[in-house]
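Please read the structure below before turning to the comments.
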Amino acid sequence: MVSAVFHTPLEAPASGSASAHTAIKATTSIAPSALSMSTTSPNESKAPQAATPAVRAATTPAATSPAGRDMAAWSRNFWMAVLPPACGIALLLAIWSMVSASTGKSIPGPVETWGQAVEVFSNPFYRNGPNDQGVGWNVLMSLQRVAVGFGMAALVGIPAGFVIGRFTFLSRMFNPLISLLRPVSPLAWLPIGLLVFKGANPAAIWTIFICSIWPMIINTAVGVQRVPQDYMNVARVLQLSEWKIATKILFPAVLPYMLTGVRLAVGTAWLVIVAAEMLTGGVGIGFWVWDEWNNLNVKNIIIAIFVIGIVGLLLEFALIKLATAFTFEEVKS
């Protein structure tokens, strides 16, 4: 009884430790068998992870370190950014060379055109008369016409888009007119400009104006119509004036749509000016292309094509940067 009272509790842990020791022994005796079973079974996927911890510890730190991962990601991003455009340019040069060879050099190849480009851009701002000026003066003159025509279109088109989008009556009133006039070819407006303004330069600016105004009107009006109705209900409850609604509610909400319209409009304006200057003459990159065609100088025509593309790309890039700076995050994505 004394033993049962004073020794049994002390012996119980001993027996418990003995049983635990027995259990550990059983576990250690089972584990190798389980390990051996897992390594011998082809269907178990965890076996290699348990069997090769030392090898993994020896090999993974150098490969999975943050610096190694950053370097690998940087290298992958670099090659993905450089290699595809380089392949595209190489493909263009290859096709260009084959076309030049198949036409008996009537279309100059890349090497001959590059040599001519070096000569043209060695002095891009020379003046030998009203019809013989460097490519730099022609590009600047075209950009000036685009700036004037595009600026006038922005001054008229953006406020018109706000009004058309704000009031349903005006939207239904102008929608048929915009749908009718927007698909008209830019060059169809040029004779109207020559007839009204009695001059080549104002006619070219008029053509740019009428062709670049539609993207700004449409995008601004759509942006106004997509402003959440809750905003307008709050403005109605607060009894805000139309000026307050336009400046405090509509303008911040419509800004991404408006900048998208501006970006589309400047691309259209740059496309139109080349065609308009071919017909109106004077100084400009379009006239330079037509003048070189009359002189059968195909090398300069190809150079002008690249100049037009590069200038249009720079305009597009500048407006994308401007739009990104004023665009909300969810719209940018």
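The values are calculated or read from the model by the stated rules, or taken from the named source; none is laboratory data. The structure presented is a predicted model; accordingly, all values stated were derived computationally and were not measured. Neighbour counts run over all protein chains shown; Cβ positions are idealised from the backbone, glycine included. These area figures cover heavy atoms from the full protein model, side chains too; ligands, DNA and RNA do not enter into them. Shrake-Rupley method; radii C 1.70, N 1.55, O 1.52, S 1.80 Å.
Numbers at a glance
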read-out: All positions within the range 90-132 that are touching a Phe, Trp or Tyr at 6+ places or on another chain (Cβ under 9 Å) and open to solvent by 80 Å² or more (accessible area, probe 1.4 Å); value: PHE125, ARG127, ASN131
read-out: Any hit, the range 202-212, residues being of a type outside the set (A, V, I, L, M), closer than 30 Å to GLY282 by Cβ, in contact with a Cys (Cβ under 9 Å, 6 or more places away or on another chain) and surrounded by fewer than 19 Cβ atoms within 10 Å (Cβ to Cβ); value: no
read-out: Contacts under 7 angstrom Cβ, first residue in the range 132-146 being without any contact (Cβ under 8 Å) to a residue 40 or more places away in the chain, partner open to solvent by 10 Å² or more (accessible area, probe 1.4 Å) and not small (Gly, Ala, Ser), 6 or more apart; value: GLY134/ASN123; GLY134/PRO124; GLY134/PHE125; GLY134/TYR126; GLY136/PRO124; GLY136/PHE125
read-out: Candidates THR268, THR324, filtered to the one that is out of contact with any Ser or Thr (no Cβ under 9 Å at 6 or more places or on another chain), among the hydroxyl-bearing types (Ser, Thr, Tyr) and either at pLDDT 85 or above or surrounded by fewer than 13 Cβ atoms within 10 Å (Cβ to Cβ) (or both); value: THR324
read-out: Qualifying positions in the range 214-244 - among the β-branched types (Val, Ile, Thr) and free of Cβ contacts under 8 Å to residues at least 24 places away in the same chain; value: VAL234, VAL237
read-out: Criterion violated by ILE164 - all others in (1) open to solvent by less than 60 Å² (accessible area, probe 1.4 Å); (2) within 24 Å of ILE273 (Cβ to Cβ); (3) β-branched (Val, Ile, Thr) satisfied; value: (2)
